[in-house]
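Below: one structure, written as structure tokens.
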């Protein structure tokens, strides 16, 4: 089995600010924008105004977080991974949670297979409401930049997508997906991953669906080492990361430093799990998924 830590959502170059840990503790990963240059080259996205979080358009949330005096400069989103049924409505019958990848990043996934587990992470900061507007907490008030795991997808099916394929070759519920709509721009490394129905590791049912978003922030979802200013300085379980020479910051027992900034161009960090039924592995996974449904 492989666990893939997959970087998604806004970052310093794409989007420009952190996804919010909402005042209630919920995690909202903001899907990256389609830039004007991409649009000029034929890229198609979904308007942020059509995407929802608790009934509120993401366009409004983006404008609140962007700046007190400026509007968010992008109109359309690349909705991927698509893990939340309520993010976009209505859905076609048969819709399933999905993730797409292409190009160099997909080349990093050449050895993944059905049953492997994506854990999606991104850049997050805590927020509060100020005069009914969503604002980031300052660092001195627990508003530090963090890398946090916000969702998961266990692979149920893998579908290569060729740019010459006709749309009708794909299920109707998948026609909206950016890796289908934009397949002519993405080349032949374009791939769709469809979630399994149920999360099962080494024959053990974890009692959760095969993909989804974690309901609220909790310490087990935080990759950034406690007390570290750099969000890219992680603490990973020893069994997940055999290389132990990636940093000098302290980690809690059973964990080792990992400097993800050394691989800042990577989107996909693929780790082989030597014994998926190992007690330490199952405890770590159970801690992650406790409270999910």
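The values are calculated or read from the model by the stated rules, or taken from the named source; none is laboratory data. This one's a predicted model, so the numbers in the text were calculated from it and none came from an experiment. As a convention, Cβ positions derive from the backbone with ideal geometry for all residues, glycine included, and neighbour counts pool all protein chains shown.
Output yes when any residue across segment 108-116 is in a strand (DSSP E or B), surrounded by fewer than 22 Cβ atoms within 10 Å (Cβ to Cβ), in contact (Cβ under 8 Å) with a residue 24 or more places away in the chain and over 15 Å from the mean Cα position of the chain (by Cα), and no when none is. Full working, then the answer.
Quick first cut of segment 108-116, residues in a strand (DSSP E or B) only: none.
Looking for residues that are in a strand (DSSP E or B), surrounded by fewer than 22 Cβ atoms within 10 Å (Cβ to Cβ), in contact (Cβ under 8 Å) with a residue 24 or more places away in the chain and over 15 Å from the mean Cα position of the chain (by Cα), one finds none in segment 108-116, hence no.
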- Task: Answer yes or no as to whether residue 176 is surrounded by fewer than 19 Cβ atoms within 10 Å (Cβ to Cβ), closer than 16 Å to residue 80 by Cβ and touching a strand residue (DSSP E or B) at 6+ places or on another chain (Cβ under 9 Å).
- Result: yes
- When residue 257 is run through (1) surrounded by fewer than 19 Cβ atoms within 10 Å (Cβ to Cβ); (2) more than 26 Å from residue 79 (Cα to Cα); (3) out of contact with any strand residue (DSSP E or B) (no Cβ under 6 Å at 6 or more places or on another chain); (4) free of Cβ contacts under 8 Å to residues at least 60 places away in the same chain, the failure sits at (1)
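Output the residues belonging to segment 65-79 that are assigned to a helix (DSSP H, G or I) and either surrounded by fewer than 21 Cβ atoms within 10 Å (Cβ to Cβ) or free of Cβ contacts under 8 Å to residues at least 12 places away in the same chain (or both). Break it down into steps so the answer makes sense when it comes.
Kept after step one, since they are assigned to a helix (DSSP H, G or I), are these residues of segment 65-79: 65-66.
Of everything in segment 65-79, just one residue is assigned to a helix (DSSP H, G or I) and either surrounded by fewer than 21 Cβ atoms within 10 Å (Cβ to Cβ) or free of Cβ contacts under 8 Å to residues at least 12 places away in the same chain (or both), namely 66.
Could you count how many residues in segment 86-106 are assigned to a helix (DSSP H, G or I) and in contact with a strand residue (DSSP E or B) (Cβ under 9 Å, 6 or more places away or on another chain)? Break it down stepwise before answering.
Of segment 86-106, the ones assigned to a helix (DSSP H, G or I) are 86-87, 103-106.
Filter again for in contact with a strand residue (DSSP E or B) (Cβ under 9 Å, 6 or more places away or on another chain), leaving 86-87, 105-106.
Looking only at that region, the number is 4.
Results for (1) under 20 Å from the mean Cα position of the chain (by Cα); (2) farther than 24 Å from residue 47 by Cα, shown as yes or no for each residue.
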{"site": "135", "(1), (2)": "no, no"}
{"site": "160", "(1), (2)": "no, yes"}
{"site": "163", "(1), (2)": "no, no"}
{"site": "185", "(1), (2)": "no, no"}
{"site": "194", "(1), (2)": "yes, no"}
{"site": "207", "(1), (2)": "no, yes"}
{"site": "210", "(1), (2)": "yes, yes"}
- Query: Does segment 241-290 hold any residues that are part of a loop (DSSP other than H, G, I, E, B), within 19 Å of the chain's Cα centre (by Cα) and within 17 Å of residue 220 (Cβ to Cβ), and which are they?
  - Reply: 290
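Rundown of residues vs (1) touching a strand residue (DSSP E or B) at 6+ places or on another chain (Cβ under 7 Å); (2) modelled with pLDDT under 95; (3) surrounded by fewer than 18 Cβ atoms within 10 Å (Cβ to Cβ); (4) not in a loop (DSSP other than H, G, I, E, B), yes/no style:
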| position | (1), (2), (3), (4) |
| --- | --- |
| 6 | yes, no, no, yes |
| 9 | yes, no, no, no |
| 13 | no, yes, yes, no |
| 20 | yes, no, no, yes |
| 30 | yes, no, no, no |
| 38 | no, yes, yes, yes |
| 49 | yes, no, yes, yes |
